[in-house]
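Step one of this worksheet: look at the structure below.
The values are calculated or read from the model by the stated rules, or taken from the named source; none is laboratory data. If you're wondering where the values come from, they're calculated on a predicted model, not measured in any experiment. In this analysis, Cβ positions are derived from the backbone assuming ideal geometry, glycine residues included, and neighbour counts consider all displayed protein chains.
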Amino acid sequence: MPTFNKNGRKKRDKERRMNKEERIKKRDKERRMNKEERRKKRDKERRMNKEERIKKRDKEKINKEERIKNKFRTKTLHQIGSHYKTDKAERHRYLDIYEKYLKSFRDGPVKLLEIGYKEGNSARMWEAYFSHNETKLYAVDNKQSCRCNLSRTKLINADQSNRQQLINKVARFGGFDVIIDDGVHKVEQQLISFGVLFKYLNPNGLYFIEDVFLAQRFPTQYSYKEPYLTYDILKWLKEYGIIYSDCMLFDEIKYIEDFYDKCIFEPCRKSNLCIIKKKF
């Protein structure tokens, strides 16, 4: 009768348990590795798909911009403004005058600041007119509800009657070739903006002020603190080279008197457009 080896059985059972545990560990490890590999592969595919989507979107955006540039390359500023329904076109008839002074800037990189954004129609017009890739456009508006999704236009939330906000938020982007004041058209706002921003205009740059006659036609609505109207103050600058204003600081007045080249009034449909050119 064969003898029963108890120690041998224990050893065999121990080896079986160890083999089973090793197989379980090995299987779990493979599962974890497979799971991590699948996750890495999935994340990689997601990243690639996201990057491809971004590239595709950017490419479509570039193509759209190119189409807009090609579409408006031969159009006049008035035609572009009429297309985007800006009130500078049909209502005020400013755009023929703007083109007269800005056509030399059209094909090169230009840095333009406009006070007053509203629905962004004017900003769209400027983007289409100044088609150079390095053109930089800035729009200032104090309404929190304003939103800008234009590629080359930066929207700055600031109040043009607040000197400190203009210095802190707008002046740091200085070195403008063109500044346009199409804000609320009140005397105080026009003069404060002119006093603060003129020094951030490049040599030979142009500063436009729209609707300088409004305060003359509606003095109680468009003038509160300033005893003189914007038109009168700019007329003195044009004729005598001096400025009298309670809204502007002494340093601002001195700078304008020293560095302005000429002051021009252009008659329009409803009000005059004033252009102040800086010395070269």
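Taking strands (runs of 3 or more DSSP E) as the structural unit, those lying wholly within the stretch 134-239 and holding at least 1 residues that are modelled with pLDDT of 90 or more and more than 18 Å from residue 277 (Cα to Cα) correspond to 136-141, 153-157. Exactly one residue out of 112, 102 is at pLDDT 95 or above, part of a helix (DSSP H, G or I) and among the aliphatic types (A, V, I, L, M): that is 102. Scanning the stretch 132-139 turns up no residue that is in contact (Cβ under 8 Å) with a residue 60 or more places away in the chain, surrounded by fewer than 21 Cβ atoms within 10 Å (Cβ to Cβ) and either of a type in the set (Gly, Ala, Ser) or touching a Lys or Arg at 6+ places or on another chain (Cβ under 7 Å) (or both). Pairing each residue of the stretch 190-204 that is in contact (Cβ under 8 Å) with a residue 40 or more places away in the chain with any residue that is of a type outside the set (Ser, Thr, Tyr) and in a helix (DSSP H, G or I), provided the two are 6+ apart or on different chains, yields C-beta distances under 6 Å for 192/163; 195/252; 196/163; 196/166; 198/256. Scanning the stretch 44-65 turns up one or more residues that are part of a helix (DSSP H, G or I) and in contact with a helix residue (DSSP H, G or I) (Cβ under 9 Å, 6 or more places away or on another chain). Looking across the stretch 93-120 at every residue that is buried (at least 19 other Cβ atoms within 10 Å of the Cβ) and in contact with a Cys (Cβ under 9 Å, 6 or more places away or on another chain), the one that is farthest from residue 146 (Cα to Cα) is identified as 97.
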